[in-house]
Amino acid sequence: MRKRRWYLPVLLCLMILLTACVGGGEDKGALLRLTFLDTGKSDCIVIEAGESVVVNDAADADDGGAICAFLDERGTERIEYLILSHFDKDHIGSAAELITRYEVGQVMMPDYEEDSEPYLALLQALRETETTYVRLRGNAAFSLEGIDFYVDAPKKPSYDNDNNYSLITTVINGDNRFLLMGDAQKKRTEEFLDSPAAGERYDLVKMPHHGDYNKKLEELFTTAKPRYAVLTPDAARERVEEETVALLEASGCRAYYTDEGAVSVTSDGKQVRVSQESSESAEISGAIAME
């Protein structure tokens, strides 16, 4: 008579229990890091979604060295998406250098033209490297390693102010949401408020136009209820208006200014941590957990 191998099902049960304990049960989301670089009055946000990299805006032309140094330090060889909110020089200045130096999966940009050296350099780099690009006439979405990106495009073919062409990007990791406003001013913010994405709560908002104020921001903050805000001014903070500061204070929103150092934000899908290395090398940090 063959003996029953009773230990096999027992071992199987033990393996299942061990896997559940190690995994921690509920899926919390992937590891996400957003770094708001200190590039003066300009924007460059490096987003690391697991092992994948997205860059949102490319600061000024003279910031290329600092941006590349950061990417190299992080071991970056490929940028999956380069999202250019609009074509002002302080947002696309180093785009051509990034496209030339790294493999770029796709460039996303608004659908309008600009007569400037950084813009012409961008187009030339796209041609020479044969990099895929898209001029967004409608909204776009993509996912990388479990992290979702939603890019809200301008709704009109033309605007009096170029800042209102800004692509507005939402990054979602589990329960955590981040809103990158580009340089959106009143008209563009009003357009975004009509989108489903505007009805969500956000852990952090990258404030538009280096701290410039528009009345629609109050409506946005009513629903977004951010705990953190990042502003990208110059050292003099000339564009940071008193109304912006008052809005942040009234909202109980902790503000980080990149002129004091790069701002690093991490998310595991449940908890958000923000840290900043100041010029005096004193680390300032904060953490929240979604309720």
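The values are calculated or read from the model by the stated rules, or taken from the named source; none is laboratory data. Source: prediction; values computed, not measured. Cβ placement follows ideal geometry from the backbone for every residue including glycine, while neighbour counts extend to all protein chains displayed.
Could you give me the residue pairs with C-beta distances under 6 Å whose first residue belongs to the range 192-205 and is more than 12 Å from ILE172 (Cα to Cα), whose second residue is among the aromatic types (Phe, Trp, Tyr) wherever it lies, and which are 6+ apart or on separate chains?
So the pair list comes out as ALA198/PHE192.
In this structure, is TYR150 touching an Asp or Glu at 6+ places or on another chain (Cβ under 7 Å), buried (at least 17 other Cβ atoms within 10 Å of the Cβ) and free of Cβ contacts under 8 Å to residues at least 60 places away in the same chain?
Against the criterion (touching an Asp or Glu at 6+ places or on another chain (Cβ under 7 Å), buried (at least 17 other Cβ atoms within 10 Å of the Cβ) and free of Cβ contacts under 8 Å to residues at least 60 places away in the same chain), TYR150 does not qualify.
For the range 217-291, which fully contained strands (runs of 3 or more DSSP E) count at least 1 residues that are among the aromatic types (Phe, Trp, Tyr) and at pLDDT 95 or above?
The strands (runs of 3 or more DSSP E) meeting that bar are 228-231, 254-257.
Search the range 50-73 for residues that are within 19 Å of LEU32 (Cβ to Cβ) and pair each with any residue that is of a type in the set (Asp, Glu) when their beta-carbon atoms are under 7 Å apart and the residues are at least 6 apart or on different chains.
Matching pairs, first to second residue: GLY50/GLU145; GLU51/GLU145; SER52/GLU80; SER52/GLU145; VAL53/GLU80; VAL54/GLU80; ASP57/ASP43.
Looking at (1) closer than 22 Å to LEU71 by Cα; (2) without any contact (Cβ under 8 Å) to a residue 12 or more places away in the chain; (3) among the charged types (D, E, K, R), can you tell me which one GLU103 breaks?
(2)
Just to be sure I understand, how many residues within the range 46-77 are assigned to a helix (DSSP H, G or I), among the charged types (D, E, K, R) and buried (at least 18 other Cβ atoms within 10 Å of the Cβ)?
Here the count works out to 1.
With respect to LEU126, determine if the residue is under 18 Å from HIS91 (Cα atoms), in contact with an Asp or Glu (Cβ under 9 Å, 6 or more places away or on another chain) and in contact (Cβ under 8 Å) with a residue 12 or more places away in the chain.
Answer is no for this residue.
Out of the residues in the range 153-192 that are among the aromatic types (Phe, Trp, Tyr) and within 16 Å of ASP111 (Cβ to Cβ), which is surrounded by the fewest Cβ atoms within 10 Å (Cβ to Cβ)?
TYR159
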